[in-house]
Each structure stands twice: as C-alpha cells, then as structure tokens.
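Coordinate-derived values only; no laboratory data. All values reported here derive from a predicted model rather than from experimental measurement. Glycine also receives a Cβ, built like all others from the backbone with ideal geometry; neighbour counts cover every protein chain displayed.
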Amino acid sequence: MKYFLICAALFYCTALNISAQNTTVSGKVTAAGGGMIKIAHVHAMSNNSYKPIPETFTVNENGTFSFSLRNGWYRLQFSGVDYTSAPERPVEVYCSGQPIEITAELEANAAPSAIDSVLIITDLTKYDFSKAINMTKQPNGTFTAEFTTSKPTISYQVLVFGGDSKGEHSINGTMSDSYEYDGGGDYRSILNVKNGSAKIVFDPKKLPTSSGKSKVEFKDAFSLAVKAILLQKDADRQEFFAAYGKRKTGKPENYDPKTVRARVRKDIAAEENPILREIQMIRYLAVPYFSDDTTGADPVFAKEILTSIPAFSSVWGQDPRLIGQAIFLMKDKSGYLEQALKENSSVYVKSEVLSSLLEKATKDKDDKKLRAYYDQLMKEFPDTYAARYAAKQYNPDRKVKEGNIIPNFSFDGVDEETGKKITPASLKGKWVLIDNWATWCGPCVAEMPALHKVYEKFKDKNFVVLSVSFDRQAADVTKFRGGKFKMPWMHSFSEGVWESEAAKVFEVSGIPKPILIDPTGKIVALEEALRSDNLEKTLTKYVK
C-alpha cells in the first residue's frame, strides 16, 4: 500500500466568485503510452482532517471522467487496477469556478523479469503483513495459495519479490471476480469462495506492461499559470534552505530575504489577473516566514494583502497560517483573524485560525481567551492538524507552562559517564535552559549564536544548558558539534523524534522549544521569551 497523503494533486477553488460554488474537474486516465485501464478512479481529499476520507469518482470505460467539487482545496490521486497511482509529488491548482482539465497516465505495477517469491495477505488476517503467506511456485511460473473459509468471498493482495522489486507495497492479484480500492493507492482482488475453499493463482504473464512512466498534466491555461507561480514559490523556499545548508557547514552564502521579497513584489505588480495576483501575495507572505526573518518585509504591503483578500476567501486554504504571518508583519492587532474564523467556510482555515488565536492569547497571557479558543478548537474541529498541535502546545491544562514544576524525566547524557542519568534531581539548585532542538531544524541552528553567547556569559552564575536532540540518531549531533558550533554543554538524545520520550515529557509539537527552569525546578519562561535577542534579556532578568 502506498502512503496516500504524499501522492496527491492539490486543487483550490476560490470563494471570490460566489456565483460559482462548484468547479467541474474533467479529463482522462489511461495507461502510460496509451491504452485503457479496466477499472480506474480519481480520489479527492480536502485538508479538513489529518485522517481524511477521500471522495472517490469512477473513471468511465473509455478513460474519461467528469465530476463536480465544491470550491475549496483538495488533494487528488489517480489509481487503476494493475497500475501504480499518480502523481508521485503534489501538484497544486487554484480553481475559481472555471473548469479544470487534467490527464493522468499510469505506469503498470512493476513485475521483475525473474520473480523469486510472492507473498499473499488476505482479509482473513486483516491484511496483516506479519502474517503474510508464501505462495507456492509452480512449474509453469505461476504462484498458488489455498484457503479454507466460511465466508462467501476472500479479498487479497500480493507482494512480489525479485530483481529490483522488494515487495515495497501490496498490489492486486491477477485472479479476481471483482476489486476494491485499498485506500492507499492500490487495489484488492476479491474472489468468490466455492464449497468453503478458494485456490488463488498469481500469473505474472497476465500482468500488463506500459511503455512509459506515470505523469499528470493540466490542460487548462489558468491551472498551468497557477502551477508556474507555485513552482516559483517552492523555488523561493529552496533558495532559503540551500543558503541554510551552506551556513550550517560554515560556507559563505548570500541569501537576502529583502531581495526575494522585492522579486515577488515585482511579480505581483506585473500580474493582471486578480486571482493570480492573490496567489502571488500568498507567495510573498511565505518568504520566509518559517525562519522568523522579516528583513525587507513591508508592513504597509502586508496590510494591503489583508485588504485585498477577504477573510472569507478560500485562497487562505493554501496555508491559513499565513494570515497570522500577515498580521505579524504589519504589527497590527486587527480583528482579521476573528473575522476569518467567523466568515470562512473551510474547516482547515477555521482550525488553523484558532491555532493562531491560541498563539496570540498565549503571548498576551490571556488565560480566558486561551481557554475559550482551545475548547472551541477541540469541540468543533477535533480531527484537524491544528487540534493535534494545540493539544501539546496550547492546552490550558498542560504540564509544561510557566509556574509549573518541570515534569519528571530521566535521560542518558551523550557526554556523561555510562549509566549516569540526567534528571530534575541532578539539575536541582541550578538555572537550566532546556533546549529542544535538532540538527535538521533551520530555526534551531539559527539560535546557535545566541545560545553560545549566553552560555559564555552566564555559565559561571549557576547556569547550565541541556540540549535535547530530536534527530533520528545521536551520531547526527556528534557530527554537528564537530563543525562551527561546538555546543560545550550537556546533551541528551531521546530516540523516536516526535514519538520520543522527550516529546511526551516536554509536550513538544514543534522545535525549537526552549524552557527555562529555576533552581527549584519551576518553569519561569519558555518559547519566544527564550529565542534570539529575547534569550539574553530573559536570562539577565532571572540569572543573577
């Protein structure tokens, strides 16, 4: 089974044209290089849940399809019996009620020239890979397996091994009375059971072949224009990370967010289509908000963006967090977020807006609003990404917040003696800055100069630093410390990244997440109060 969330195409339809509440999506699905697929589907998912249930549309026998989606963001996947799903990478499209035309060509499921073995999984064991059964290879090159069951049908998939094929995912078999989609890009074969038994034959010779690779192409001019803008948006992002990579290894780089923003402003000014201009505006807000670098950002223009794009517009569905970024850039306390929460019809937008409002209430230390927004998010949008994030980050009843004693923990120290544990008890009597970080985290690495500066300034004042790594292996930290930033303080590694013990103890949903505890173990500051220039100011306030 393939991971459905990755292989997808994104569609967005604007609420600006309120007369067109739906968008027609049509096109054709064929085998790569031509040829019909006996059963094919188009699957559409929205961003409204982290466990989305797709809408599935059947492709006609001649490969054509046409269906209507209510305006908004969707992820589309194309699949076919005996064929791989497509596309492999997301393709974003912004719809405004005008028709979208798209074609997909699917590559046949790979079959090695020499098959070593075939495993089979069935509904009898709930498709459990650990209970897969080896099919018996026959002299004629087929593989067989027999099952006894009182059920009228048996549903199964196979995993093929041989050559370069390592059974990466399960696919439908070559013997079927019908098929069902597995929800992950492939199909299950369904076979009728006769007299309580079923003999399943997998015949590699019956597998189709295709003369090309899977691909998805948009045929309407507007969608192609949108795609070009979004590709440039991705290029903007990659430009930042390329520079970050050089900075991390100590190589010279000349990334300037002011130059990037000026380039986007130029593209916005040249755009005559009002819808495409809004997409360019979204691109402006995304450069590079994940780095907290506002160099070259124009507060007046940020306000113009919020004036140009109505709070109810589903254009924000591309990334609702950018509403908060616009407000941050313009340094304004307007009610745009509250307006979007009230007027926008997208669950995704509403949930992310509530997350932004929770962040704002936390910074303002407004416990009343914090509780109200949190309860609303959990009650109305419990299955969203924002709710999962808020459960750790903004829960009013969370343990990691100012005034609480740090939860108990016990970690191995990377540089400590074997068997020696780092615990709250071992740190008692000291001011401790707990630095939740990772070498792959750009904002974390950006904090290194400030961390080294305060460490040198306060290390003789009963102050220590404990960096807790969220890397995939401890060796990543060792390698990093051999470079520009030595980090000459305590280190710990908690295996499992977001599922690690450290993530649970410190309620980490994103990094960096710095926490300052006093000599008694009480949390006195965290998050923004301990970032960049604020770090030294906060430590100066507490560590004497």
- Message: Sequence gap at least 6, Cα distance under 8 Å: using those rules, report the relative contact order of the chain to the nearest whole percent.
- Response: 11 percent
- Can you bin region 117-206 into rounded, prolate or oblate? Criterion: square roots of the alpha carbon gyration tensor eigenvalues sorted a ≥ b ≥ c, rounded for a/c under 1.5, prolate for a/b above b/c, oblate for the rest. oblate
- Note on the structure: Straight-line reach check, K205, cutoff 21 Å on alpha carbons, 8 or more apart in-chain or any other chain, hits among lysines -> K38, K137, K166, K213
- Could I have the simple spin-label model distance between K137 and K544, label points 7 Å from Cα toward Cβ, reported in nm to one decimal? 7.9 nm
- Message: Greater than 25 Å separation of Cα atoms is the criterion. Which listed pairs, K486/K522; K131/K392; K368/K430; K365/K522; K126/K504, meet it?
- Response: K486/K522; K131/K392; K368/K430; K126/K504
- Exposure proxy ranking, count of Cβ atoms within 10 Å, fewest first, for V445, V25, V468: V445, V25, V468
- Considering the options A132, Q157, L76, tell which one lies farthest towards the positive end of the dipole of region 68-188, charges being +1 on Lys and Arg and -1 on Asp and Glu at the Cβ, about the Cα centre. A132
- For D366 and A114, calculate 0.36 nm times their separation in residues minus their Cα-Cα distance, and state this gained length in nm to one decimal. 84.1 nm
- ³J(HN,Hα), Karplus 6.51/-1.76/1.60, whole Hz, each residue of region 74-89, x for Gly, Pro: 9, 10, 10, 10, 10, 9, x, 4, 6, 10, 6, 7, 8, x, 7, 10
- Message: Take the residue pairs K513/K537; K258/K363; K51/K513 and return only those whose Cα atoms are more than 20 Å apart.
- Response: K258/K363; K51/K513
- Note on the structure: If unit charges are put on Cβ atoms (+1 for Lys and Arg, -1 for Asp and Glu) and the dipole of the chain is taken about its Cα centre, the option from V400, S314, V508 lying farthest towards the positive end turns out to be V400
- Quick one: putting +1 on the C-beta of Lys and Arg, -1 on the C-beta of Asp and Glu, what dipole do you get for region 228-336 around its Cα centre, in Debye to the nearest 20? 340 debye
- For region 393-440 versus region 66-81, the gap between their alpha-carbon centres in whole angstrom: 46 Å
- Positive-end extreme of charge dipole, the chain - chosen from G496, T64, V216 (charges on Cβ): G496
- Residues of type lysines that K342 reaches as a straight line, Cα spacing below 18 Å, ignoring anything fewer than 8 places off in the same chain: K333, K350, K360, K369, K379
- Note on the structure: The answer for trypsin sites (Lys or Arg not before Pro) in region 119-163 that fall in a DSSP coil and have at most 14 neighbouring Cβ atoms within 10 Å is K126
- Query: Cα centroids of region 107-175 and region 323-349: how far apart, whole angstrom?
  - Reply: 51 Å
- Item | Within region 346-398: Cβ-based charge dipole about Cα centre, in debye rounded to nearest 20 (Lys, Arg +1; Asp, Glu -1) | 120 debye
- Note on the structure: Once normalised by the length of region 346-398, the mean sequence separation of its alpha carbon contacts under 8 Å that are 6 or more apart gives a contact order in percent of 42 percent
- Report, in whole Å, the centroid distance computed from the Cα atoms of region 264-283 and region 219-240. 12 Å
- For the chain, the helices passing both cut-offs (Cα extent along own axis of 27 Å or more, Kyte-Doolittle mean at least -0.5, full DSSP H runs) are 221-248
- Using Cα pairs under 8 angstrom and six or more residues apart, how large is the relative contact order of region 247-346, in percent? 27 percent
- To the nearest 20 debye, what charge dipole does the chain have about its Cα centre, counting +1 at the Cβ of each Lys and Arg and -1 at the Cβ of each Asp and Glu? 1200 debye
- Task: Please say if region 411-542 is rounded, prolate or oblate, where rounded means a/c under 1.5 for a ≥ b ≥ c the square roots of the C-alpha gyration tensor eigenvalues, and otherwise the choice is prolate for a/b larger than b/c and oblate otherwise?
- Result: rounded
